[in-house]
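Nothing in this text is a laboratory measurement; each read-out follows from the coordinates by a stated rule. Note that this is a predicted model, so its numbers are computed, not measured. Note: ideal-geometry Cβ built from the backbone for every residue, glycine included; neighbour counts use all protein chains shown.
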Amino acid sequence: MATLDILTVAEGIRAALGVDTGHEDDVARMVTAVSGRIDELVGPVVNRTVTEYHHGGAYDIVPRQTPLSAVTTLKHADGATITTYTEDTWGEAGNADGFLIQQSGSYPHDARIHARSGGTNVAWLAGHSSLELVYVAGRAADTAAVAERYKEVAIECMRRLWDREASAWARGSDPFVEGGGQSSRFFKVFDYVIAEHLGDEMKPPGIA
C-alpha cells in the first residue's frame, strides 16, 4: 500500500471483489491509481509535506497544493541572510516577522499566506524565488484517518474499474501502472463519480 492511498488494500479488495482476500497486488495498484486521480481532481487527501519557492514583494503567497493543513517553516533568503517567519496567533501581540494564514471556510482551494509585522499586513521581502515555504497539504493524517466521504468515492470508483478493467492483465497491459496502458478512457470510467460526489471540492480549471 502506498503512503498516500485513500483506501487500504483490504478495503479495496472488499470494495472490488466483495471478499476479504485475493488479487492483492492488482488491487493495490488499482487503489493507488484511484487515489492519485482523486488527488489530481480535488487536491491532496492524505497529508504530504510540500516544499515550494515563491517570489517576494507581493502581499500574499498562494500555496500550489491545497487544502493547506499547516505551515511547517517559512523563510526568506537575501544572500546568506535568512529571515524566519513565525505564525501570528489571534489575541496575542503580532510578531515582527510574522505571517497569517487566510483560508475560506467553505472552499478548500482558497488559501493565502500574508506577511505580517506588528499585527499588520505588509509586503513580503523582495527577491526572485526568495521565499521558501514548507507546509503540509491534505485532509487526513494517514489512510486510516481519511473521512468516509472520500473512502466511499474511492470504493465506488474501485467497483466500476474492477468490472470494466479486470481482464486487462490477460491482455498483457496493466492500466493501473503509470505507462502501462492508461488512457483517457481509464479515467472516464470514474471521473464523473468524483465530480458528482466531491463537486464542491474540485480544483479550479487549469490548476494541476
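Values computed for the structure shown
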item: Per-selection Kirkwood Rh - the chain (Cα, Å, 1 d.p.); result: 19.0
item: Highest-MSF residue in the chain out of His76, His54, His128 [GNM, Cα springs under 10 Å]; result: His128
item: Relative contact order for the chain, counting Cα pairs under 8 Å that sit 6 or more residues apart, in percent; result: 28
item: Packing-based exposure ordering (other Cβ within 10 Å, fewest first) of Trp90, Trp124, Trp162; result: Trp90, Trp162, Trp124
item: For a label point 7 Å along the Cα-to-beta-carbon line of Arg149, residues of region 87-105 with backbone N under 13 Å; result: 105
item: Candidate lysines for bridging to Lys151, where Cα separation is under 25 Å - those fewer than 8 sequence places away on the same chain excluded; result: Lys188, Lys203
item: In degrees, nearest ten, helix 148-165 long axis to first principal axis of the chain (Cα); result: 40
item: Estimated D of region 48-137 in µm² per second, where Rh is the Kirkwood radius over Cα pairs and Stokes-Einstein applies at 20 °C, 1.002 mPa s; result: 163
item: Rounded tilt (10° steps) of 24-42 against the dominant C-alpha axis of the chain; result: 40
item: Dipole in debye (nearest 20) - region 48-137, about Cα centre, beta carbon charges: Lys, Arg +1; Asp, Glu -1; result: 200
